[in-house]
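Enquirer: Mind having a look at this structure? Questions to follow.
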Amino acid sequence: MAWIAVVGTVLGGTALMAVADQRPSAAPQNAAEAFLPPDGSASELTYSTGEEWILESAFGTGPQMLLQLPSYASAHQFNLADVNAEGYNTDRYWRQTWSDVSGERPQLTELYELDVDGVRMLTLTGGESGFSFEPGLLSLPADIHDGSTWSSEGFALPQQLIEYRSTGSAKAGPDGCLVVQLDVVYTDPDAADAVLLESADTSTWCPGRGVVESEYTTGGEPGTSATRPLPEDRRLESSAASPRVDLLALADSAAQDVSLLVRDPLFGEQDFPGTTDGTVAATSDGAVVFASTRDLLAYRAAAPGEPSVREWVAHPGGTITTLTAIGDVVLVGTTDRAIQAYDSAGRRGWTARFDDVVLAPPVPDGRGGALILSVDGELRRVSLGDGSTTWSTGLGGDSAIAPAVGDGVVVAINDAEDAAMVYDLDDGTLLWSQAVERPSLAAVVDGRVIVASYAGSVLAWDATSGEARWSSGYVGIPRAMTVLGDTIVVAGSDMTAGYSLTGAVRWTIDASDRLLSDGTLVALLGPGAVRLVDENGSTVTTWMLDPARFATTMDILAVPGGFWVTSSSFEVQEVRTP
């Protein structure tokens, strides 16, 4: 028989989808849950064959983890999920994602349900073979202890194509751990229960760590594995090169829709029906990463006009507070007061911990590192490779505005003191500071520090001495700044303005929320359109967007051969060279 042949429909538009993912209590609700690794934790797993994987742990309540499954597995488990009187899914889940260190294999995902019976495996997806259990395979019973025995049986694929039977037992191990034996037999109900696969696994589960070592036989092939916590200084092979785009080459290209797909070799494909808060980042090699409350969802920009397929999911822990990409490194801040680094293939790297959360996106230092500013005013320069600190200093006040770097200096905004503070990039020494009423954003341009403010001004000082150079007016809330030749462009809520290097207003045009520049032209993202403008404020071309679909939080990002426009409703349009 074929391994699987299923026909199904993708769920959509139901009340189940209306419930956002909720962060569960950290307290285990039974003996089995005490053996699971914490939310957001990561470990390295090494097989006796030499294969290495990075495992991430995530907990959730509600349907979001089911929504992220591939088509037929998602539909299958939705049909089995419990709902309350109002029709909402309130089940609790634990997920482990497996990312291959070598990058040769796609990401794998295990999803477990946490219920009154214990820890039940629901799905294994991402590979050429997988499972969607009905009911879930009981991995650990709720009251697990030395001497426990248990069993479960049911179906291992939708449409009851394969049956399974499992038996388990536990005995005491060292340091409060349990040695768990779990045997599973898979049979074909259409062939007199002919055995398709047998597995026998003896794993040591330790409190708060999960499986730390395992001996197994699958399909007659024996093996072993060992797991250890992922080091928080795990190095990433990083490139700080920024994505580059030739905007003029796109002038004759049309904007077209991009479909975002979840594709699985076994369980099919579907348009992703999830949500994002609009926070998105793009790496230099074409990975586009969306923040979805507590997860990162990464897609790869495909050939123009082709759908983009999700490559990986990551869970840094906590709720996401900021997201950016520097070269091919993704940096994400969380409410766990940390910046977590990933490479563009979703493999977790180093962790930088802070005394407070980071709200401002980290920025490149131009020398293979990054500048990170936490809310309590710690400004830290780190290596992109391993997160090690080059220097750290305190602003003396709170800040949630991204620093700016250029000409050997770093500009940080002290929100509490309404001040622009300028530091030496090499050693973090404070060079000078200036009072600025309600500062909004900063840049370093041609030896000048430029600060735009909510108070209706754009100000400039000499980057080295702090001597005032000029002051000019601005109407609205400044949201982005760039430089085209000798023109400083400030985009915002009420207008977009071009200033000379001496502060004269050269031109003003309509408002724009985001911008993308190649140094010669700038693409301005505003309501319903992207306008391509030169340094004189003249429009080169305009790409129209559907206002009904792109009316929520939007962003514009460089991808290979062009750019994407994204919205918080997970709509994407692209402008790419053919």
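The values are calculated or read from the model by the stated rules, or taken from the named source; none is laboratory data. Remember, it's a predicted structure, so these values are computed and weren't measured experimentally. FYI the Cβ positions are ideal-geometry reconstructions off the backbone, even for glycines, and counts take in every protein chain you see. Surface accessibility is based on the protein's heavy atoms, side chains included, excluding ligands, DNA and RNA. Shrake-Rupley method; radii C 1.70, N 1.55, O 1.52, S 1.80 Å.
Enquirer: Counting only protein heavy atoms and a 1.4 Å probe, tell me what percentage of the range 411-570's accessible area is made up of carbon and sulfur.
Expert: 46
Enquirer: Considering only protein heavy atoms and a probe of 1.4 Å, how much of the accessible area of the range 139-200 is carbon and sulfur, as a whole percent? Don't jump to the answer; show the numbers that get you there.
Expert: Working: 1430 of 2960 Å².
Roughly 48 percent, rounded to a whole number.
Enquirer: Using a 1.4 Å probe, how large is the accessible area of Asp386, given in Å² and rounded to the nearest 10?
Expert: Accessible area of Asp386: about 50 Å².
Enquirer: Select from the range 515-578 those GluC sites (Glu not before Pro) which occupy a DSSP coil region and have at most 12 other Cβ atoms within 10 Å, ordered by residue number. Intermediate values should be presented prior to the final figure.
Expert: Details: sites: Glu535, Glu571, Glu574; in loops: Glu535, Glu571.
Those that pass, being in a loop and sparsely packed, number zero.
Enquirer: Using alpha carbon centroids, what distance separates the range 158-233 and the range 407-464, in Å?
Expert: Measuring centre to centre over Cα atoms gives 57 Å.
Enquirer: Something else about it: In the range 201-273, what percent of the accessible surface is made up of carbon and sulfur (1.4 Å probe, ligands and nucleic acids excluded)?
Expert: The C+S portion of the solvent-accessible surface of the range 201-273 is 45 percent.
Enquirer: Specify which labelled value, from (i) 1.24; (ii) 1.02; (iii) 1.06, agrees with Cα Rg over 2.2 N^0.38 Å derived from the coordinates of the model shown.
Expert: Checked against the structure: label (iii).
Enquirer: At a probe radius of 1.4 Å, what is the per-residue accessible area of Ser471, in Å² to the nearest 10?
Expert: Result for Ser471: roughly 80 Å² accessible.
Enquirer: Among rounded, prolate and oblate, which fits the range 214-274 when a ≥ b ≥ c are the square roots of the eigenvalues of its C-alpha gyration tensor, a/c under 1.5 means rounded, and a/b larger than b/c means prolate?
Expert: oblate
Enquirer: Can you tell me, using C-alpha contacts under 8 Å and at least 6 residues apart, the relative contact order of the range 455-578 as a whole percent?
Expert: 13
Enquirer: Taking only Cα atoms, what is the 0 to 90° angle, nearest 10, from helix 71-80's long axis to the longest principal axis of the chain?
Expert: The answer is roughly 60 degrees.
Enquirer: Give the accessible surface of the chain per residue, rounded to a whole number of Å², with probe radius 1.4 Å and ligands, DNA and RNA excluded.
Expert: Value returned for the chain: 39 Å² of accessible area per residue.
Enquirer: Continuing with this model, one more query. Taking θ as phi - 60°, what are the ³J(HN,Hα) couplings along the range 472-489 by the Karplus curve (6.51, -1.76, 1.60), each to the nearest whole Hz, with x for Gly and Pro?
Expert: 9, x, 8, 10, x, 9, x, 10, 7, 9, 8, 10, 10, x, 10, 10, 8, 10
Enquirer: Need one word for the range 251-299: rounded, prolate or oblate. Basis is the Cα gyration tensor (sqrt eigenvalues a ≥ b ≥ c); a/c below 1.5 gives rounded, then a/b vs b/c decides.
Expert: oblate
Enquirer: Roughly speaking, what is the centre-to-centre gap between the range 312-364 and the range 120-145 when only Cα atoms are used, to the nearest Å?
Expert: Here the answer is 30 Å between Cα centres.
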